[in-house]
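A.B. asks: Quick one: this structure, given as structure tokens, is what I'll be asking you about.
The values are calculated or read from the model by the stated rules, or taken from the named source; none is laboratory data. Everything numeric here is computed off the predicted structure, so don't read it as measured data. Using ideal geometry, Cβ is built from the backbone for each residue, glycine included, and neighbour counts are taken over all protein chains shown. Only protein heavy atoms, including side chains, enter the accessible area calculation; ligands, DNA and RNA are left aside. Shrake-Rupley method; radii C 1.70, N 1.55, O 1.52, S 1.80 Å.
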Amino acid sequence: HLIPKDLLFTNDQIIEIYRCCEDTLNAGYELTYEQDSNIRGVQEQIMRSMPDILDQIREQDLKVEESRMGEQTM
């Protein structure tokens, strides 16, 4: 109750932030050491607050894949 709810990220938003960090690190951008370190730090902070984030990402990916498969069979 100390922080207004509209200033907090939802779990889905945190997952997308983690994904964006991962995409940025894997995209081949020429990042400075500081940028790379900051992005990795964000990921580490997210993982500490959501230890099961990788499982949640896999579950989301499976749901998306199942949805795509269902659309293709229609």
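A.B. asks: Leaving out ligands, DNA and RNA, and with a 1.4 Å probe, what % of the accessible surface on the chain is carbon or sulfur?
C.D. replies: The nonpolar share, carbon plus sulfur, comes to 53 percent.
A.B. asks: Glu71 to Met50: extension gain in nm, 0.36 nm per residue of separation minus the Cα-Cα distance? The partial results should precede the final answer.
C.D. replies: On the way: separation 21, 0.36 × 21 = 7.56 nm, distance 3.15 nm.
That works out to 4.4 nm of additional length.
A.B. asks: If you don't mind, another one. Rounded to the nearest 20 debye, what is the charge dipole size of the chain about its Cα centre when +1 sits on each Lys and Arg Cβ and -1 on each Asp and Glu Cβ?
C.D. replies: 200 debye
A.B. asks: Just the accessible area per residue of the chain, please: how many Å² with a 1.4 Å probe?
C.D. replies: 87 Å²
A.B. asks: How many times 2.2 N^0.38 Å is the alpha carbon radius of gyration of segment 14-74?
C.D. replies: Numbers: Rg = 14.7 Å, N = 61, 2.2 N^0.38 = 10.5 Å.
The reported ratio for this selection is 1.40.
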